[in-house]
Amino acid sequence: MTISYNHPPPEEGKKKKPKIVFVAGGLSTRLKPITENIPKCMVDINGKPFVLHQIEFFRDKGYADFVFCVAHLAEKVKEYFGDGSAFGVHIEYSQEPEELLVTSVSFKYAESLLSDPVIVFYADSITNMDFDPALAYHTEKGSDFTIIVRKITPEYLACKSSGIPDSLII
């Protein structure tokens, strides 16, 4: 299957948006056997890999540069996305050693590919958040880093009290 996107570069004089760093190196043990041979970010959701939904979301919001921090089954991610040009974006990879690392260390491996600011995002998460106000806040405050959290909703609590495991709550 060939997918082609033709997205123009940012408008002249418009500030380029920061890179999105996808943390995508985990073993995905809670989703086995589905993730036996594919990384969690590549699990099919409505006919395409989970993380492709997020790439398209960010791309459509003006983000064009991505870095994948990969380890476990990294070749599957690299083979599918390549340099990102088939999806109208630019993708680079930070390959972690075979032994899995905590997020902060995997991020350190990607350091040579990054400049300030960046958005670090788990490749197995989904969002429809507009990051522009958060980036503006971050810049206005001169922060070293900004963490975005989500308020727990009653729906989430209802799932928790019903005995549904965290790994099944989407």
So which lysines pass the test for LYS61, namely a Cα distance under 18 Å, with those fewer than 8 places away in the same chain ruled out?
LYS14, LYS15, LYS16, LYS17, LYS19
In this structure, the FRET efficiency calculated for LEU135 and GLU36 from their beta-carbon separation, with R0 = 22 Å, to the nearest 0.05, is 0.05
So which lysines can LYS32 reach, going by Cα to Cα under 20 Å and dropping same-chain residues fewer than 8 places off?
LYS40, LYS48, LYS76
Amide H to amide H, which residues 5 or more places from VAL120 or on other chains are under 5 Å from it, using H placed in the peptide plane?
VAL21
If I model a spin label at LYS76 and VAL149 as a point 7 Å from the Cα along the Cα→Cβ vector, what separation in nanometres do I get?
3.3
Figure the gain on full extension for GLN95 and ASP116 (residue separation times 0.36 nm, minus the Cα-Cα span) and round it to one decimal in nm.
5.5 nm
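Quick note: the coordinates plus some simple rules give every number you see, no bench work behind them. Since this is a predicted model, take the numbers as computed values, not measurements. Note: ideal-geometry Cβ built from the backbone for every residue, glycine included; neighbour counts use all protein chains shown.
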